[in-house]
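The values are calculated or read from the model by the stated rules, or taken from the named source; none is laboratory data. Worth saying up front: this structure is predicted, and the values here are computed from it rather than measured. Here the Cβ positions follow ideal geometry from the backbone for every residue, glycine too, while neighbour counts run over all protein chains shown. With ligands, DNA and RNA removed, areas are computed over all heavy atoms of the protein, side chains included. Shrake-Rupley method; radii C 1.70, N 1.55, O 1.52, S 1.80 Å.
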Amino acid sequence: MDGTLAFPVTPTTRRSTADVASTESDRDGSVWQIEVPGVAKAIPLLRQWVHLLLVDKLAEAFELIVSEYGTNALWHTASSWPGGRIRAELSISSQQTRLTVLDDGLAPARTDRSADPAEHGRGLLLADAYADETGEYGCADGHATWALIRR
């Protein structure tokens with residue numbers, strides 16, 4: 001990837017991840033996917049993508065959640081390495097909406113001592129506060145974190 005922020009967006013009506021939040025209630029909706037380069041400029045794109053797909057009251061919650069999960073992918077995984085990526089999937093049905101963010105897997109611990117601890121570490125707590133359910137799982141090419149809100 002050359003750092004360009006162009007990205008594919010793929011709508012589908014099938015499940016493409018095998019996480020524990022996948023249920024029968026997803027079958028009546030659509031699943032949207034996006035892949036962006038693992039750079040800080042991609043986080044606002046993820047927020048905008050969520051905003052475009054969710055024009056209801058859930059948009060604000062999922063914009064915050066995708067921002068937090070995407071930022072965690074940059075800070076704590078190999079997604080921020082050269083060629084790294086962040087993938088997101090938004091499953092929208094009449095009963096629930098679920099966001100899954102996939103990263104490129106574990107990376108060595110950050111040694112950036114200039115980061116203010118007061119500015120970090122709240123992302124998962126915020127997602128938990130907004131979502132009805134959250135979770136994570138390992139996958140073949142990385143790690144996935146998901147949040148689900150029922151309608």
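Figure legend. Inter-residue proximity from segment 138-151: first residues in contact (Cβ under 8 Å) with a residue 12 or more places away in the chain and outside any strand (DSSP E or B), second residues of a type outside the set (A, V, I, L, M) and open to solvent by less than 70 Å² (accessible area, probe 1.4 Å), beta-carbon distance below 8 Å, spacing 6+ or different chains. Indicated pairs: Asp141/Asp104; Asp141/Gly105; Arg151/Gln96; Arg151/Thr97. The set of residues in segment 1-55 that are surrounded by 18 or more Cβ atoms within 10 Å (Cβ to Cβ), of a type in the set (Val, Ile, Thr) and modelled with pLDDT under 95 contains only Thr17. Output yes when any residue across segment 102-123 is part of a strand (DSSP E or B) and at pLDDT 95 or above, and no when none is. Yes - at least one qualifying residue is present in segment 102-123.
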